[in-house]
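Enquirer: Shown below is the structure under consideration.
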Amino acid sequence: MTKTEEPAENSRALAYRRRLSLSARTVSHLAGLLRRHLKLIRSRWRILPPGRIAVIVLAVLRHDQRLADTAGGNDVSESTVRRWRDELIGLLAAQAPRLDRALRKVVRRGGEVVLIDGTLIRTRRRTGKADRRNCSGKHRSHGLHFLALIDENGRLIWVSAARPGSTHDNTAARHDHILVPCAPPASERRPTSASAAWATTSSILWSSPATSPPRTHKLTPGQKQANKVLAIGRSPVEHGFAHLKNWRILTKLRTDPARAPRLLRALLVLTNLEINR
């Protein structure tokens, strides 16, 4: 039997259009970033202009378009689209703020409280015993654990490095030195709860989940009222994660887990561009 890659008789490639639900400001920012990078590395030629490349990469990130499908619709190879994607993700990730600088920026804006919470980005289940650490018993799924800082308005400030899905939020926070008390000067101190930690002049507060009712008992009126208060306090966190996970490439990562932190930082920059427009 002879293998051939020629198309079948009377067949042709079909392409379709899809609306990209992003602002022109985001596309212009990404295209300008690529133009400056090409000028810096003295690259004289690309098969498509920077604006078109930016739209293709944003379609991959926003709608989780398959690289082969996107490549076929733009008359380029799959490896070319993969290279563009990795190149622009690296450029965007370099613009993501560090933890100390992000907190200083919040202080300059007059912010008083910063919320911290963890989330799971689902990944494919891989073979071998080494993948057991990526299994989250809470979510009953395999994935990577991330911590995020969100301000009072639901804007993402910072995203941590990736850790196995079985990692607890407190463990990740200790490794990132977020909960290490660093008391500011007495003149700049502000009241905070016992579970909070000082970081510059802002207070970092854990976003606690609501109390779940047991199978045999109902919640008391006090527990219901406490859940309402926690829900109000958690709303900025839920909004921040919702904006981040609007990028459907995070529905289930199919790339190398080692590249996940850079992808999250790149999406953090793009998310803030969309929110602050």
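Any read-out appearing in this document is the output of simple, stated calculations on the displayed coordinates, not a laboratory observation. Quick caveat, the model's predicted, so the values are computed rather than measured. Neighbour counts are summed over all protein chains in view; Cβ atoms, including those assigned to glycine, are modelled from backbone coordinates with ideal geometry.
Enquirer: Kindly list the residues of segment 125-145 that lie in the label zone of GLN223, defined by a backbone N under 14 Å from the point 7 Å along the Cα-to-C-beta vector.
Expert: none
Enquirer: Continuing with the same structure: Check cross-link reach from LYS252 to the lysines: straight Cα distance under 23 Å, and skip same-chain residues fewer than eight apart.
Expert: In chain and number order, the partners are LYS129, LYS138.
Enquirer: Determine ³J(HN,Hα), in whole Hz, for all residues of segment 158-165 in sequence, where each value follows from phi through the Karplus function 6.51 cos²θ - 1.76 cosθ + 1.60 and θ = phi - 60°; x replaces Gly and Pro.
Expert: Whole-Hz 3J(HN,Hα) from phi for segment 158-165: 7, 10, 7, 6, 7, 9, x, x.
Enquirer: Suppose R0 equals 25 Å; then what is the FRET efficiency for ALA231 and ASP169 from their Cβ-Cβ distance, rounded to the nearest 0.05?
Expert: That pair, ALA231 with ASP169, gives E of 0.85.
Enquirer: Here's something else I'd like to know. Take peptides 93-100, 14-21, 227-234 and line them up by average Cβ neighbours within 10 Å, highest first, as a rough protection proxy.
Expert: So the peptides 93-100, 14-21, 227-234, ranked by packing, come out 93-100, 227-234, 14-21.
Enquirer: Contact order normalised by length for segment 61-157, with contacts defined as Cα pairs under 8 Å and 6 or more residues apart; what percent is it? Could you put the intermediate results ahead of the total?
Expert: Details: 79 pairs, mean separation 22.2, N = 97.
For segment 61-157, the relative contact order is 23 percent.
Enquirer: Return the distance in nm (one decimal) between the two label points of a simple spin-label model at LYS138 and SER23, each offset 7 Å from Cα along Cα→Cβ.
Expert: Using points 7 Å along Cα→Cβ, the separation is 3.2 nm.
Enquirer: Mind listing the long-range amide H neighbours of SER141? Cut-off is under 5 Å, sequence gap 5 or more, other chains count too, H placed in the peptide plane at 1.01 Å from N.
Expert: Under 5 Å from the amide H of SER141 lie the amide H atoms of SER136, each far enough along the sequence or on another chain.
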